[in-house]
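The values are calculated or read from the model by the stated rules, or taken from the named source; none is laboratory data. Source: prediction; values computed, not measured. Cβ placement follows ideal geometry from the backbone for every residue including glycine, while neighbour counts extend to all protein chains displayed. Surface areas here come from the heavy atoms of the whole protein model, side chains and all, with no ligands, DNA or RNA. Shrake-Rupley method; radii C 1.70, N 1.55, O 1.52, S 1.80 Å.
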Amino acid sequence: MERIGSHQLYVGTIMFILGSTPLYELGVEAKQNATLAMLVGAIAGLVLAGMYLYLYHRVPEAGLTELYRLHFGLWLGSGIAFIHGSELAFEATYLLREYSYLTTLTLLDTAPGWLMMLVSCFLAGYTVMKGIEVLFRVIEILFPLVLTSYVLLSVMLFLNKLPDWHRLLPFVGFETIFRAAIPTIMVFPYGQIIVFLAIWKHVQETKAVTRMTLAGYLTATIMIMYGNAMIMAVIGPQLAAGSSIPLLQVVQLIRLGGFIERLDIIVTLLLFFGLYVKLAIGFMAVVLIVQPLFKCSHTICTLAVGTILFGVALIDHNYTKHLWLGQYFVRNYMLIFQFGIPAVMLLIGLRHKKGQTPSLESEGITK
């Protein structure tokens with residue numbers, strides 16, 4: 001079985017949570033207190049992460065499909081795994097469409113959307129086909145570039161004296177903040193780390209999974225909150241709420257020395273990297289969930305899943321409908337898989353007496 005290191009898990013967690021998050025100004029319903037809404041959402045998401053880590057440590061050698069089978073039985077567990085895999089596949093098709101829309105909005109306004117989706121699906125699928133070790137090595141290579149770019153953009157904003165921290169005031173009230181944070185921010189991006197239940201079994205050091213996952217979670221949260229506050233401090237809540245890509249609008253204001261400007265390309269590349277990582281990890285999770293169900297090879301499963309993802313992504317939506325569909329899906333379906341089913345599994349697990357942890361062999365479940 002392929003293995004990844006603890007540092008790769010740390011970097012992968014950061015990059016996955018960041019993912020497509022910079023495309024949006026999360027918590028904008030809380031207006032100037034959007035950063036506080038992010039904090040509340042992150043704390044709520046930490047509860048979900050704790051549930052996932054508990055489930056993992058009960059049976060470290062099990063993936064997500066095996067966990068469903070252990071807790072719900074072979075047939076019901078397989079059915080839930082298939083439905084969850086389908087839900088994650090929908091999330092992947094959503095990311096493919098975001099590739100298309102991002103390209104049209106920023107770089108190539110006349111480029112055919114299907115071609116952009118085909119290229120991104122091919123790149124992610126090729127990485128997934130090469131295996132989980134290759135995927136996380138690629139992420140490890142991308143991380144320093146992404147981190148350096150974000151730091152550089154932040155420094156340039158300060159050199160331009162663009163942030164006005166008074167735009168983060170006044171306080172709007174706890175009710176508004178909580179309504180903006182839960183469930184939307186709790187589910188996206190934090191609850192999405194449930195996909196790592198399919199990946200954690202590949203981590204070489206089992207004892208390091210909790211530590212490195214939480215460290216990556218905290219690092220990503222700090223980065224997102226800082227970026228969120230920076231956007232609010234530069235353009236304010238009204239412009240942030242009305243902008244298609246708030247981060248891009250902020251960076252377009254940078255002017256240094258009369259010749260450093262138009263840094264849109266840097267932001268666009270950062271968004272492409274984030275979308276690629278989130279798409280590739282989600283793609284990998286779908287393959288790892290579906291593979292035990294159909295007992296197919298990794299290559300065949302990757303090709304089949306990739307073909308389905310691309311085919312579904314071709315269903316045409318305008319950008320407004322695309323955003324509405326994402327919000328509708330977040331509020332009505334994702335919470336079932338991120339909280340509802342894991343909570344039931346947690347209750348089933350707690351019924352076992354201390355020391356009676358199940359195993360794949362004792363329960364008749366094969367890897």
Quiz item: Taking a threshold of 30 Å on the Cα-Cα distance, which of the pairs 201/321; 201/295; 31/321 fall above it?
Solution: 201/321
Quiz prompt | Cα centroid separation, the stretch 134-210 to the stretch 59-103 (Å) | solution = 22
Practice problem: Report the chymotrypsin sites (Phe, Trp or Tyr not before Pro) located in the stretch 244-285 that are in a DSSP loop and have at most 12 other Cβ atoms inside 10 Å of their Cβ, or state none. | Solution: 259
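Probe radius 1.4 Å, ligands and nucleic acids ignored: give me the carbon and sulfur share of the accessible area of the stretch 1-148 as a rounded percent. Present the calculation step by step, with values, prior to reporting the outcome.
On the way: 3990 of 5510 Å².
Whole-percent figure for carbon plus sulfur exposure: 72.
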Quiz item: What are the extents of the Cα atoms of the chain along their three principal axes, listed from largest to smallest and rounded to whole Å?
Solution: 68, 45, 36
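Given R₀ = 41 Å, FRET efficiency for residue 351-residue 262 by Cβ-Cβ distance, to 0.05? Don't skip to the answer; put the middle values down first.
Details: r = 60 Å, r/R0 = 1.47.
My answer for the efficiency is 0.10.
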Quiz item: Restricting attention to the stretch 170-213, which trypsin sites (Lys or Arg not before Pro) occupy a DSSP loop and are surrounded by at most 16 other Cβ atoms within 10 Å?
Solution: 207
Quiz prompt | Most to least accessible of 226, 190 (protein chains only, probe 1.4 Å) | solution = 226, 190
Practice problem: Would you please give the residues with an amide H less than 5 Å from that of residue 4, counting only those at least 5 places away or on a separate chain, with H modeled from the backbone geometry? | Solution: 203, 204
Quiz item: What does the charge dipole of the chain about its Cα centre add up to, to the nearest 20 debye, if the Cβ of each Lys and Arg holds +1 and the Cβ of each Asp and Glu holds -1?
Solution: 600
Practice problem: Among 242, 166, 180, flag the residue with its Cα farthest along the positive direction of the charge dipole of the chain, charges on Cβ as +1 for Lys/Arg and -1 for Asp/Glu. | Solution: 180
Quiz item: FRET efficiency for residue 207 and residue 324, Cβ-Cβ distance as r, R0 = 51 Å, nearest 0.05?
Solution: 0.70
Quiz prompt | For the stretch 237-302, diffusion coefficient by Stokes-Einstein and Kirkwood Rh (Cα), 10 °C, 1.306 mPa s, µm²/s | solution = 105
Quiz item: For the chain, modelled as a Gaussian network with Cα springs under 10 Å, which listed residue fluctuates most, 187, 267, 155?
Solution: 155
Quiz item: If the cut-off is 15 Å between C-alpha atoms, which aspartates and glutamates fall inside it for residue 207, apart from same-chain ones fewer than 8 positions away?
Solution: 61
Self-check item: Stretchable slack from residue 174 to residue 239, in nm (0.36 nm times residue separation minus alpha-carbon distance)
Solution: 21.1 nm
Self-check item: Charge dipole magnitude, Cβ of K and R +1, D and E -1 - the stretch 33-148, Cα centre, debye nearest 20
Solution: 120
